[in-house]
1. Just checking: which of the strands (runs of 3 or more DSSP E) contained wholly in the chain hold 1 or more residues that are among the aromatic types (Phe, Trp, Tyr) and surrounded by 11 or more Cβ atoms within 10 Å (Cβ to Cβ)?
2. Can you run down the residue pairs with Cβ atoms below 6 Å, 6 or more apart or on separate chains, where the first is in segment 19-33 and in the same structural domain as Asn48 (by TED's automatic domain parsing) and the partner is loosely packed, with under 10 Cβ neighbours inside 10 Å?
Amino acid sequence: MKMTPSACPKCGAILDTVTVADPAADEVTPEPNDITICIYCSVYLVFNKDMSFHILTRRERNRLPLEVRKSLDLLEEIRRQRRSVYEN
């Protein structure tokens, strides 16, 4: 889904499209406080009220439901493994 372009606060890349992580979902409409990942630098981002982004803080992450934190941990592990494959 196309969205109003907004810059990643970490790498500055302009993000203008979102996709849903749930393959069973038909459409995705981000809302404030939803989490996304910058496709360029892989940082976790949170949508602000104006639909710009800020980097997910440790405090915000700790407040997420356990299931969501486990999913983020799994993604982190996969990313670490992929980085090690490409670095070797």
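The values are calculated or read from the model by the stated rules, or taken from the named source; none is laboratory data. The structure presented is a predicted model; accordingly, all values stated were derived computationally and were not measured. Quick reminder, even Gly has a Cβ in these numbers, built from the backbone with ideal geometry, and neighbours come from all protein chains shown.
1. The qualifying strands (runs of 3 or more DSSP E) are 44-47, 53-55.
2. Once the first residue is in the same structural domain as Asn48 (by TED's automatic domain parsing) and sits in segment 19-33, its partners that are loosely packed, with under 10 Cβ neighbours inside 10 Å give Pro32/Lys49.
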